[in-house]
Amino acid sequence: MFETILEKANGRLLQLGAALIASMSFLSAGMSVSWIVPILPKLLAENSHIPMTRDESSWVVSILSIGCVVGVIPLIFLTNILGRKALLLLSALPYSIGWCIIVFAASVEALYVARFLFGVSIIITFTITPMYITEISEVGIRGFLSSSTQFFYSIGSLYEYAMGPYVSYNVLGITSVIFPIAFLLMMCRMPETPYFLLLKGKCAEAEKSLMKLRGKTDKLYVQEELTLVKNVVEESVHLKRAPVHDLFYKRSNRRAFILILGLVSLQQFCGQLAVVSYTTEIFLNTASSLDANISVIILGVIQAISSVVMSSIVDRTGRKPLLLLSTIGLAVSTLVLGIYFYLNSNTGIDLTYFDWIPIVCLIVYLSLFSIALGVLPFTIMGEIFPPNVKGLASSSALLLHAGTGVLVTKVFQIMTDDIGADAPFWLFSIYCIVSAFFIARYLPETKGKTFSEIYEEFNGDSFPRRVKTGPDEVTKL
């Protein structure tokens with residue numbers, strides 16, 4: 001038995017290594033998004049070396065999402081042309097250039113350019129990394145490997161939270177540029193996915209790639225899996241229609257696309273990007289006696305721990321229960337934050353004895369986001385689309401994701417300044433409640449299923465599949 005376990009472990013070493021190295025792109029993504037959290041108060045201070053107004057600072061936050069919008073457009077065409085590995089390597093360049101611009105920036109316009117470049121890289125990371133990991137992974141550990149992206153994202157965020165308040169502006173930028181460069185050097189040695197190689201008609205290379213990923217030296221050991229992969233790829237391209245036609249006119253793809261649009265919209269309209277970007281500012285608006293920077297670091301640690309928990313349970317619990325738990329928890333925590341800020345700003349109630357509420361709510365919020373909503377929509381995105389439409393579907397969904405990110409971050413700042421700190425949290429809570437019903441109704445479970453089984457379920461007359469209790473059980477999109 002021990003020899004069998006050891007053999008399985010050895011067979012998964014490259015698979016695990018490739019997934020973890022690909023996930024390092026999320027380390028850079030977390031750093032790029034979270035850099036603004038400790039730096040924003042410094043930029044808004046009277047002695048800032050880059051003076052800016054509050055409106056300009058909100059654009060420094062929001063322009064990252066504009067970079068995502070622009071970056072996603074070429075991805076629609078390049079995903080099935082350049083391949084997963086090449087695009088991941090490409091993503092390291094805007095990250096590196098952006099950090100260099102930040103180090104030498106002397107104007108707010110330079111920060112706009114740097115944040116825009118971050119957005120371009122982030123959209124490549126969020127589109128391609130889950131796709132790469134799901135296509136190289138065995139069914140039994142696909143969820144575990146995919147969830148590693150959220151852990152790396154959390155570590156990247158924690159790095160900025162912990163370093164930002166205590167080192168100089170330039171030191172933070174210089175140390176941050178090291179990580180995308182390290183990712184670039186390590187990713188060069190990783191294999192391309194068998195799915196993409198088969199999609200390009202490179203059968204011999206696909207076979208070699210699969211043998212490496214499974215730790216096999218004999219072709220016979222991978223023939224069964226290779227045949228399944230070939231069937232999926234051939235089925236997705238045999239009609240030779242444009243991906244846009246198959247995405248919107250094939251029932252299984254159309255259902256999957258509607259579902260993923262709902263999930264990525266939830267990721268933004270739950271307020272996560274705005275909450276993360278303005279975390280320090282949120283704490284400064286509370287009656288808490290705890291230093292705002294310390295509060296942010298505590299949140300970062302909890303977020304990283306939650307990512308580890310998520311990795312250990314995702315392949316046992318399943319995607320749907322975790323997403324429901326996450327969404328309902330976000331609804332409750334944003335509702336309580338809305339109540340707290342309303343009482344703090346609009347009443348004379350002394351909240352000194354309740355100054356722990358904001359940090360507890362934000363701990364719950366970011367923990368539950370990390371456990372499921374932060375990564376599972378991208379995991380599901382990599383699972384539910386066949387190879388010929390996966391690039392178009394993922395890029396289109398992330399175009400919506402990026403566009404709504406611009407909207408949410410700008411609206412958060414406007415509502416907070418013009419209405420009150422409580423206003424945006426009411427909207428976040430309502431959207432989470434509505435989304436919880438959507439997930440409960442329409443999201444099928446993908447845990448432990450092959451790609452063929454998932455595609456078949458989306459194409460079935462009864463969707464999502466459930467135990468029949470009567471003639472009204474069939475749900476259609």
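The values are calculated or read from the model by the stated rules, or taken from the named source; none is laboratory data. Everything quoted here is computed from the prediction, not taken from an experiment. Cβ sites come from the backbone with ideal geometry, for glycine too, and all protein chains shown count toward neighbours. The accessibility values were calculated without ligands, DNA or RNA, using every heavy atom of the protein model including side chains. Shrake-Rupley method; radii C 1.70, N 1.55, O 1.52, S 1.80 Å.
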Of ILE124, ILE141, which residue is surrounded by fewer than 17 Cβ atoms within 10 Å (Cβ to Cβ) and within 26 Å of SER209 (Cα to Cα)? ILE141
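Which residue out of THR327, THR352, THR409 is open to solvent by 10 Å² or more (accessible area, probe 1.4 Å), hydroxyl-bearing (Ser, Thr, Tyr) and either without any contact (Cβ under 8 Å) to a residue 12 or more places away in the chain or out of contact with any Pro (no Cβ under 7 Å at 6 or more places or on another chain) (or both)?
Details: THR327 fails: open to solvent by 10 Å² or more (accessible area, probe 1.4 Å); THR409 fails: open to solvent by 10 Å² or more (accessible area, probe 1.4 Å).
Going through THR327, THR352, THR409 in turn, the sole match is THR352.
The rows are residues; the columns are (1) touching a Pro at 6+ places or on another chain (Cβ under 7 Å); (2) among the charged types (D, E, K, R); (3) modelled with pLDDT of 80 or more; (4) open to solvent by less than 10 Å² (accessible area, probe 1.4 Å).
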| position | (1), (2), (3), (4) |
| --- | --- |
| LEU261 | no, no, yes, no |
| VAL264 | yes, no, yes, yes |
| PHE269 | no, no, yes, no |
| GLN272 | no, no, yes, no |
| SER288 | yes, no, no, no |
| GLY300 | no, no, yes, yes |
| SER307 | no, no, no, yes |
| SER312 | no, no, no, no |
Quick check on this structure: which one of THR475, THR446 is at pLDDT below 85, open to solvent by less than 80 Å² (accessible area, probe 1.4 Å) and farther than 29 Å from ILE123 by Cα? THR475
Any residue that is more than 30 Å from PRO386 (Cα to Cα), in a helix (DSSP H, G or I), open to solvent by 50 Å² or more (accessible area, probe 1.4 Å) and not charged (D, E, K, R) - is there at least one of those in segment 74-87? no
From the list ILE81, ILE97, ILE101, exactly one residue is closer than 30 Å to ARG214 by Cα and without any contact (Cβ under 8 Å) to a residue 40 or more places away in the chain. Which is it? ILE81
Filtered residue count, segment 154-203, keeping only those that are assigned to a helix (DSSP H, G or I), small (Gly, Ala, Ser) and buried (at least 19 other Cβ atoms within 10 Å of the Cβ): 5
Which of the residues belonging to segment 366-395 are within 15 Å of LEU273 (Cα to Cα), at pLDDT 80 or above and part of a loop (DSSP other than H, G, I, E, B)? none
Inspect segment 81-97 for any residue being under 22 Å from the mean Cα position of the chain (by Cα) and at positive phi and give the result as yes or no. yes
From (1) modelled with pLDDT under 90; (2) surrounded by fewer than 24 Cβ atoms within 10 Å (Cβ to Cβ); (3) not basic (Lys, Arg), pick out the condition that doesn't hold for THR149. (2)
If we ask which residues in segment 414-430 are open to solvent by less than 80 Å² (accessible area, probe 1.4 Å) and over 25 Å from ASP55 (Cβ atoms), their number turns out to be 1
Quickly run through segment 30-61 and pick out the residues that are within 27 Å of the chain's Cα centre (by Cα), hydroxyl-bearing (Ser, Thr, Tyr) and farther than 23 Å from THR149 by Cα. SER57, SER58
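Filter segment 31-66 down to the residues that are acidic (Asp, Glu) and farther than 20 Å from ASN293 by Cβ, then identify the one that is most open to solvent (accessible area, probe 1.4 Å). Quick ask: steps written out before the conclusion?
Our first condition is that a residue be acidic (Asp, Glu); within segment 31-66, this holds for 46, 55-56.
The next check asks that each one be farther than 20 Å from ASN293 by Cβ; those that pass are 55-56.
Numbers: ASP55: 80, GLU56: 57 Å².
In this case the residue turns out to be ASP55.
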